[in-house]
Structures are given as C-alpha cells and as structure tokens.
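First up is the structure itself, then whatever we jot down about it.
What follows is calculated from the coordinates using simple rules that are stated; it is not laboratory data. Computed from a predicted model, the values in this text were never measured in an experiment. Because the Cβ atoms are built from the backbone with ideal geometry, glycine has one as well, and the counts that use them run over all protein chains shown.
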Amino acid sequence: MAEEQGFVIRDRRAGGGTEPPPVAASTAHSSTSGETSQPESSQSVPLPPVTFSSFVISLGSSSLMLMGEQLDPQQPSMPMNLPQAKEIIDLLSVLEEKTKGNLTPDEQTVLRDMLYALRMKYVTLASPK
C-alpha cells in the first residue's frame, strides 16, 4: 500500500513575520472534547468579504504594483515586471468576456474602469521612448 504524503499550507497574506508553524493538511486539530479548534488570527479586525469587485480591485492593484506603482508608502516598492502585469490585464480581459451579461452594473463599471486604467498605464510604460 502506498504511503500518504501530506502537504503544508502557509498563508502569507497578512503575515508580519509572526507566522505560526506550518500545519500538515493530513493532521486534524481537535480539543479533548472532540470539537475542532480554529487557529487564532493575529489580527482582531475581521477582513471584509470577498466580492467580485474586491477580486477585480485586488488583481488590478497587483498589476499596478508590477508596473511600478507604490500603493502603500510603508511597503517597499516592487521591481517592475511588465510581462507579469500584462498577464494580469489579460486575465481580467478574459473575466470581462466570460462574465458579459452576468454582472451587476456596479461590477461591470469596476471591471471596465480597472481594465481601462491598467491598459493605459501599460501602453504608456511599454511604448518606446
């Protein structure tokens, strides 16, 4: 019989260097009463729910950072990576095409405006000077 191999899940989104030890996916956490325990978060502020608009804004922000924008002055700027920024823009373009007719007017506006801003910035940076 083949031996089961576990994998490690690490969430680095909100890490400030105080990351708990990795948890193997094949191990279950339970208390002595049989209830499953939830890992305690280092943040006391709950995160807002993920919506289509917040997803688009998150991808757009990533693309902007890859094009040299420094969105948070407290964070170090990322090196420019235009091919990766273009990949995110292309991904948002696919989302626009595949969700046509299925978005609320607000979601459609967020996606359209984000794509316009990203495309204009990309063209400005990618064009020869």
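Details
- In segment 50-61, the residues that are loosely packed, with under 15 Cβ neighbours inside 10 Å and in a helix (DSSP H, G or I): Ser54, Ile57, Ser58
- Residues of segment 116-126 satisfying the condition of being without any contact (Cβ under 8 Å) to a residue 40 or more places away in the chain and not basic (Lys, Arg): Tyr116, Met120, Val123, Thr124
- Condition met for Leu92 (surrounded by 11 or more Cβ atoms within 10 Å (Cβ to Cβ) and outside any helix (DSSP H, G or I)): no
- Among the residues making up segment 105-115, those that are without any contact (Cβ under 8 Å) to a residue 24 or more places away in the chain and surrounded by 11 or more Cβ atoms within 10 Å (Cβ to Cβ) are Gln108, Thr109, Arg112, Asp113.
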